[in-house]
Amino acid sequence: MTRSLVLIYSLLSRRRLSESRRTLFLIPTSLALVTSLAIIFYISSTSNLFTNQTPPLLLKHTISSSLNYPPTNSLLTIPLNNVSSNLANLQESPRLSTTQLRYSVNNEVFHDKDIFMENYKDMSRSFKIYIYPHSEDDPFANVLLPVDFEPTGNYASESYFKKVLVKSHFITEDPLEADLFFLPFSIARLRHDPRVGINGIQDFVRDYIFNISHSYPFWNRTGGADHFYVACHSIGRSAMDKADEVKLNAIQVVCSSSYFLSSYYAHKDVCLPQIWPRQGEPPKIAPTKRNRLVFFAGSINSPVREKLVEVWGNDSEISVHSGRLKTPYAEELLRSKFCLHVKGFEVNTARIGDALYYGCVPVIIANHYDLPFADILNWKSFSVIVPTLDIPLLKQVLKGITFNDHSRLQRNVLKVREHFQWHTPSVTFDAFDMVMYDLWLRRSSVRVRLTI
């Protein structure tokens, strides 16, 4: 009898335990179901997703960091300054179908010039940079101090920026009022220094960061997030491989700005325009005097360029040169309507700057290129962007651009080329000013107090 009672009690206990477990399982499941229903009800009551309304005016996306969309020949049919009146017209015509709507294109060179001008004034007035000090007696003064000559060559942008920065009004000697801190080492000069060379750059950068983080409190305050360096040679990308905190946290102002690579982060890093310096005023040639469709000259050092030569190497309207030119490079740019920037070993070359200087509309064939000043300038207003897969369609795309459209693009080229020139000292809105504006956009508005 006792054994039976024990057995019955055991069974009842297990049943109660099972029921309690089931209850514990049902409680979160029920809460999740109720929450889901509440979310669906909220969306249905506040969104247009479930209502049959007139489709809104479609505004063409003017710029994105991907820049991999093929160019369009859609004309401006709805002026941007009449958007509100057009919206009113659409509301009065509820039966208008989406096929009747045309895209509105921003033909201005700035995404928003008013915002840029307002921010630019703020930047010029308040933006401050602190440069870690080094003397002429420093063993690596040639690497850490600005050059004492006028920079030249393919990677001159790096030297120009530092040379102009040190004499600009943005510099402060008080690190406590600085918005950003400049790491003044030159990747280009380290590359040619026999004490360092290509194989020693990574060790130099690692040791430099170690020294400033132990000699000053500013790096450790933010983990380097308010620091930046400048590099135009592609070796700069691998130069940070032994200093991950620079790559991950600091602002990298680099010419090799491909967001396809894991070492470049478009939201924090800055594209430095690669510009071959030229003296004097840029030439002005009317579109009617440009009798060649398109021009390219350069080494065939990438699959993209190989494809270009394979498809268009013998074409009479698309001039593609892989060897030495028989005529001056400048003459070829001046007589061409479009000038190709084609990805080589890296996404960047000086050809965009060349095209703009000589008034030629750049055609960009370089996927994943975070173009210079892309968050300021509307690249589709003065250039043509062609995905690499569309190289066989290149002539069709360019000949599909009307004379009026090309004239508009070329006029905008003349407007923006001042932003792609270096001067010492800096001139308002030149390349230096534009890079500084990009840095200003990436500064932190929150100051982290030093803990001593």
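Which of the following residues is outside the structural domain of Phe149 (by TED's automatic domain parsing), modelled with pLDDT of 95 or more and under 23 Å from Ser319 (Cα atoms): Ile376, Ile401?
Ile401
Restrict the check to the stretch 258-267 and report whether at least one residue is without any contact (Cβ under 8 Å) to a residue 12 or more places away in the chain, of a type outside the set (Val, Ile, Thr) and within 23 Å of Lys380 (Cβ to Cβ).
Among the residues of the stretch 258-267, at least one is without any contact (Cβ under 8 Å) to a residue 12 or more places away in the chain, of a type outside the set (Val, Ile, Thr) and within 23 Å of Lys380 (Cβ to Cβ), which makes the answer yes.
Residues that are of a type in the set (Gly, Ala, Ser) and surrounded by 15 or more Cβ atoms within 10 Å (Cβ to Cβ): which helices (runs of 4 or more DSSP H) entirely in the stretch 165-256 hold 1 or more of them? Break it down into steps so the answer makes sense when it comes.
Working: elements: 187-192, 197-215, 218-222, 235-238, 244-249.
Passing ranges, in order: 187-192, 197-215, 235-238.
Would you check which residues across the stretch 226-256 are among the polar types (S, T, N, Q) and within 18 Å of Leu183 (Cβ to Cβ) and list them?
Matches in the stretch 226-256: Ser238, Asn249, Gln252, Ser256.
Filter the stretch 257-270 down to the residues that are closer than 23 Å to Ile198 by Cβ and either crowded, with 20+ Cβ neighbours inside 10 Å or aliphatic (A, V, I, L, M) (or both) and list them by number.
Selection gives Ser257, Ser258, Leu261, Tyr264, Asp269.
Which one is farthest from Trp312 (Cα to Cα) among residues in the stretch 282-300 that are surrounded by 10 or more Cβ atoms within 10 Å (Cβ to Cβ) and among the hydrophobic types (A, V, I, L, M, F, W, C)?
Across the stretch 282-300, the extreme among qualifying residues is Ile285.
Write out, first by first residue and then by second, each pair whose Cβ atoms fall under 6 Å of each other, whose residues are 6+ apart or on separate chains, and whose first residue, in the stretch 138-160, is more than 14 Å from Phe185 (Cα to Cα) while the second is outside any loop (DSSP other than H, G, I, E, B).
Short answer, once both residue conditions are applied: Pro151/Ser159; Pro151/Tyr160; Tyr155/Ala188.
Given the criteria touching a residue at least 40 places away in the same chain (Cβ under 8 Å) and of a type in the set (Phe, Trp, Tyr), does Phe228 qualify?
yes
Can you tell which of Arg206, Arg189 is touching a residue at least 24 places away in the same chain (Cβ under 8 Å), more than 22 Å from Ile275 (Cβ to Cβ) and of a type in the set (Lys, Arg)? Before the answer, list the steps.
Working: Arg189 fails: more than 22 Å from Ile275 (Cβ to Cβ).
Just one listed residue meets the conditions, Arg206.
Give me a count of the residues in the stretch 121-137 that are touching a residue at least 40 places away in the same chain (Cβ under 8 Å) and more than 27 Å from the chain's Cα centre (by Cα).
Looking only at that region, the number is 1.
Would you check if Arg335 is touching a Pro at 6+ places or on another chain (Cβ under 9 Å) and among the basic types (Lys, Arg)? If you could, list the steps in order and put the result at the bottom.
Details: touching a Pro at 6+ places or on another chain (Cβ under 9 Å): no; among the basic types (Lys, Arg): yes.
For Arg335, the condition - touching a Pro at 6+ places or on another chain (Cβ under 9 Å) and among the basic types (Lys, Arg) - is not met.
In the stretch 394-406, what residues are assigned to a helix (DSSP H, G or I), in contact (Cβ under 8 Å) with a residue 40 or more places away in the chain and loosely packed, with under 15 Cβ neighbours inside 10 Å?
Hits for the stretch 394-406 are Lys399, Phe403.
Take the residues in the stretch 96-131 that are at pLDDT 95 or above and of a type in the set (Phe, Trp, Tyr), then tell me which one is farthest from Phe218 (Cα to Cα).
Phe110
So Phe373 ticks every box in (1) under 24 Å from Leu439 (Cα atoms); (2) of a type outside the set (Lys, Arg); (3) assigned to a helix (DSSP H, G or I) but one. Which box is left unticked?
That leaves (3) as the condition not met.
Looking only at the stretch 147-158, decide whether some residue is under 21 Å from the mean Cα position of the chain (by Cα), of a type in the set (A, V, I, L, M) and crowded, with 17+ Cβ neighbours inside 10 Å.
Looking for residues that are under 21 Å from the mean Cα position of the chain (by Cα), of a type in the set (A, V, I, L, M) and crowded, with 17+ Cβ neighbours inside 10 Å, one finds at least one in the stretch 147-158, hence yes.
Just to be sure I understand, how many residues within the stretch 172-214 are polar (S, T, N, Q) and more than 18 Å from Val246 (Cβ to Cβ)?
Residues flagged as polar (S, T, N, Q) and more than 18 Å from Val246 (Cβ to Cβ) within the stretch 172-214 amount to 2.
The values are calculated or read from the model by the stated rules, or taken from the named source; none is laboratory data. Bear in mind that the values here come from a model prediction, so they are computed numbers and not experimental data. So basically every Cβ, Gly included, is an ideal-geometry build from the backbone, and we count neighbours across all protein chains shown.
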